[in-house]
1. Starting from 0.36 nm per residue, how many nanometres of slack lie between S84 and A14 once their C-alpha separation is accounted for?
2. Zone of R45 (label point 7 Å along Cα→Cβ, backbone N under 20 Å): which residues in segment 98-122?
3. List the pair-distance distribution P(r) of the chain, using every Cα-Cα distance, as the percent of pairs falling in each 5 Å bin from 0 up to the bin containing the longest distance, rounded to whole percents.
4. Could you give each residue of segment 95-102 its phi-based ³J(HN,Hα) in whole Hz, using Karplus coefficients 6.51, -1.76, 1.60 with θ = phi - 60°, and x for Gly or Pro?
5. Got the relative contact order for the chain handy, in percent, Cα pairs under 8 Å and 6 or more residues apart?
6. Hey, can you find the accessible area per residue of segment 1-40 for me, probe 1.4 Å, expressed in square angstrom?
7. If I model a spin label at Y106 and Q3 as a point 7 Å from the Cα along the Cα→Cβ vector, what separation in nanometres do I get?
8. Which cross-chain or sequence-distant (5 or more) residues have an amide H under 5 Å from the amide H of F29, H modelled 1.01 Å from N in plane?
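The values are calculated or read from the model by the stated rules, or taken from the named source; none is laboratory data. Bear in mind the structure is a predicted one, so any value in this text is a computation, not a measurement. Because the Cβ atoms are built from the backbone with ideal geometry, glycine has one as well, and the counts that use them run over all protein chains shown. Please note that ligands, DNA and RNA were not included when accessible areas were found on the heavy atoms of the full protein model with its side chains. Shrake-Rupley method; radii C 1.70, N 1.55, O 1.52, S 1.80 Å.
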Amino acid sequence: QVQVVESGGGLVQAGGSLRLSCAASGSIFSIFAMGWFRQAPGKQRELVADITSGGSTNYADSVKGRFTISRDNAKNTVSLQMNSLKPEDTAVYYCHAIITDRSRLYSTNDYWGQGTQVTVSS
C-alpha cells in the first residue's frame, strides 16, 4: 500500500520559519504531483503549494514569496520551506500526493497525510 506521512510542524513565533517534509512510500509506480494543503479552524481546506514530477510549481497567493516547495523525486519526498510566518498561517497542514500504485496501474489516486499542526504566535 501507499502511505504519505508529514513531519516538521510545531510552534513558531511570527516572522520565524519552519520546514515541513512529506514522504510517500509503498508500492509506488509513479507520482504525478505532491503538495501541501492547510485547514484552519472555521475555514475550508486550501491548496498552499504543489509541485509536479517535472518541477512545475503552484502557490497560493497568500504564501507567494514566503513559502518554497521542493521535491526529491528519487526519494519520493516533498518539502515546504515556510519563512516569514504569520499568525494567519496557523493551520493543520496536510501533504497530498497524486500517485499511481504499481498494483493498480490503470488508475491514480489521491493520498493524504495525517496532518501536522503549525501554530504561529504573535
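1. Once the chain is fully extended between S84 and A14, it gains 24.5 nm.
2. In segment 98-122, the label zone of R45 (backbone N under 20 Å from the point 7 Å along Cα→Cβ) covers 98-101, 108-119.
3. 2, 12, 23, 24, 18, 11, 6, 3, 1, 0
4. Those phi angles translate into 7, 10, 9, 9, 9, 9, 6, 5 Hz.
5. Across the chain, relative contact order equals 36 percent.
6. On the way: 1840 Å² over 40 residues.
With the other protein chains kept in place, segment 1-40 gives 46 Å² per residue.
7. Rounded to a tenth, the inter-label distance reads 2.9 nm.
8. T100, D101, R102
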